[in-house]
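Each remark here refers to the structure printed beneath this line.
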Amino acid sequence: MSAADRAAGHAPDDVAGAAVGRGSGPARAGGAEGGESRVGLREMRWWDIEPVLALEQRLFPEDAWSAGMFWSELAHARGADATRRYLVAEEAAPAAAAEPAGRLVGYGGLAAVGGTGDIQTIGVLPGHRGTGLGARLLRALLRAATDFECAEVLLEVRVDNAPAQRLYERFGFVPIGIRRGYYQPTGTDALVMRLADPAGYAAAADTSGDAPANTLPHPHPHPHQGTKSHG
């Protein structure tokens, strides 16, 4: 887990700040009526790095990714040899709202290497937790894994992040091991989880609430990255 391991703590483990099931697909953080905002998912581009960094600092202050980490990931997100898929959740203000649309309220990323997908990170602002955005992001990343023809998807989640673990379990992830001291600087252990049928769960219509997500750890030579979740 290269990129995920990079922050040793960015993994879809707690969708609290990053909703663990926070959203794998265009999500709605509320109704389209009554002044409630709408949230859609789209591909993350280089101009999103700055606002995503601001979310990182807010959601994962102890192990926030650097701009260089995101630039490195996005460098592998396009073209015939792409191995990454990063998404942002963008809030669209109602027609009557005075504020401009386009505020980012969440994001997520996946790395695919050798037929295995790795959820790198999932983050959702506190005000959008419990709306299903985390689950939508997760589902969208599973669809990406399917596009990359991944036979399995892995992720790391903090052992003390029960909400995120429940979210992942709803999507079919099962525990396969523990990574001691994975999340730094706290030294918290990570529960490694695996999904053997990403295609099946990518199509599932789960609209239940989110869990915090941020299971992405610090970068290392391993081809797979960890997952980061805020809860």
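The packing ranking of peptides 172-182, 147-157, 123-133, highest mean first, is 123-133, 147-157, 172-182, where packing means the average number of other beta carbon atoms within 10 angstrom of each residue.
By how many nm would the segment from TRP71 to ALA162 lengthen if fully extended, with 0.36 nm per residue of separation less the alpha-carbon distance? Before the final figure, lay out the partial values.
Numbers: separation 91, 0.36 × 91 = 32.76 nm, distance 3.13 nm.
Residue separation times 0.36 nm, minus the Cα-Cα distance, leaves 29.6 nm.
Atom-type composition of the exposed protein surface of segment 76-203 places 51 percent of the accessible area on carbon and sulfur (1.4 angstrom probe).
Residues of segment 87-183: accessible area per residue at 1.4 Å, in Å²? It would help to have the intermediate numbers written out before the result.
Working: 3630 Å² over 97 residues.
Accessible surface, normalised per residue, equals 37 Å².
Take ARG139: with every protein chain present and a 1.4 Å probe, its accessible area is about 20 Å².
The values are calculated or read from the model by the stated rules, or taken from the named source; none is laboratory data. As the structure is a computational prediction, the values presented were derived from the model and not from experiment. Here the Cβ is made from the backbone with ideal geometry for all residues, glycine too, and neighbour counts use every protein chain on show. Please note that ligands, DNA and RNA were not included when accessible areas were found on the heavy atoms of the full protein model with its side chains. Shrake-Rupley method; radii C 1.70, N 1.55, O 1.52, S 1.80 Å.
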